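So the structure is just underneath, and the comments pick up after that.
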Amino acid sequence: MEQITLLDDGCLKYEATFLAPERANSLFTTLRDTIPWHGEGSRGRLFPRLVAWYADPGVVYTYSGITHTSSPWTPELLEIRARIEQATEAGFNSVLLNFYRDGRDSMGFHADDEPELGQNPVIASVSLGVARRFVLKHNRTVEKHEIVLEHGSLLVMGGTCQHFWKHAIPKTAKVVGPRINLTFRQLQEQVNRWK
Ligand SMILES: O=C(O)CCC(=O)C(=O)O
Ligand SMILES: [Mn+2]
């Protein structure tokens with residue numbers, strides 16, 4: 001895997017051909033057609049993408065003010081998780097799936113820094129379908145780093161990535177087809193918070 005060290009010890013690993021092209025093709029079709037994709041939003045506005053969430057029984061995840069309950073793993077998701085756990089030597093108890101229908105779907109700058117993820121989480125991200133730009137921006141210096149996430153690729157974010165950097169999938173004006181992204185996460189037991 002290609003390794004990139006970002007300012008302040010953010011760590012990125014990238015493998016463009018993590019999944020063989022035929023397997024990536026069939027996974028894309030199966031996930032597109034069988035995952036119960038649904039819209040989600042906050043403050044009365046839908047996010048510009050569809051989502052789904054899978055996790056081990058009992059795992060709860062709150063982000064953007066929404067508490068998510070999970071569906072049980074499908075065979076395809078279990079297969080990808082096993083391959084990723086082998087490649088990263090990390091464990092993952094949940095996966096968030098995003099479906100970008102076309103170039104107008106996107107994800108704004110954010111960090112995966114919910115308390116359930118703990119300090120310096122390892123987040124493994126598999127991309128299927130149309131390649132899209134993944135942009136990281138340093139919180140203080142605003143320095144940017146960009147990777148085009150290819151069909152069948154694996155990106156691993158580790159180190160202090162979620163602390164000092166934000167990441168985004170920008171919209172594109174080009175006419176592009178759909179993309180599926182899976183981010184595998186290890187969620188710790190729900191932390192009690194004053195809210
Ligand atoms: O679609 C992507 O590659 C990024 C997804 C992401 O950052 C997230 O789900 O938190
Ligand atoms: Mn993210």
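The values are calculated or read from the model by the stated rules, or taken from the named source; none is laboratory data. What you see is a predicted model, and the numbers here were worked out from it, not measured in a lab. Cβ sites come from the backbone with ideal geometry, for glycine too, and all protein chains shown count toward neighbours. To get the accessible areas, we keep the full protein, side chains included, count just its heavy atoms, and leave off ligands, DNA and RNA. Shrake-Rupley method; radii C 1.70, N 1.55, O 1.52, S 1.80 Å.
Output wanted: per-residue J couplings in Hz (rounded whole) for region 62-75, from phi through Karplus 6.51 cos²θ - 1.76 cosθ + 1.60, θ = phi - 60°, x for Gly and Pro.
10, 8, 6, x, 10, 8, 9, 9, 9, 9, x, 4, 9, x
Compute and list, largest first, the equivalent-ellipsoid semi-axes of region 105-195 from the alpha carbon gyration tensor, each √(5λ) rounded to a whole angstrom.
25, 16, 12
Taking a probe of 1.4 Å, how large is the accessible area per residue of region 135-185, in Å²?
Per residue, region 135-185 has 42 Å² of solvent-accessible surface.
How about LYS13: which aspartates and glutamates have a C-alpha closer than 20 Å to its C-alpha, ignoring those fewer than 8 places off in the same chain?
GLU2, GLU85, GLU89, ASP112, ASP113, GLU143, GLU146, GLU150
Out of every Cα pair in region 123-167, what percent are spaced more than 16 Å from each other?
Everything past 16 Å amounts to 40 percent.
Just order 35-47, 151-163 by mean Cβ neighbour count inside 10 Å, highest at the front, would you?
Taking the mean over residues of other Cβ atoms within 10 Å, the ranking is 151-163, 35-47.
To one decimal place, what Kirkwood hydrodynamic radius in Å is obtained for region 2-185 from all pairs of distinct Cα atoms?
Hydrodynamic radius (Kirkwood, Cα only) of region 2-185 equals 16.7 Å.
Suppose a student asked you for the relative contact order of region 2-185, using Cα pairs under 8 Å spaced at least 6 residues apart; what percent would you report?
31
Could you look at region 73-168 and say what percent of its accessible area is carbon and sulfur, using a 1.4 Å probe and all protein chains?
It is 50 percent, rounded to a whole number.
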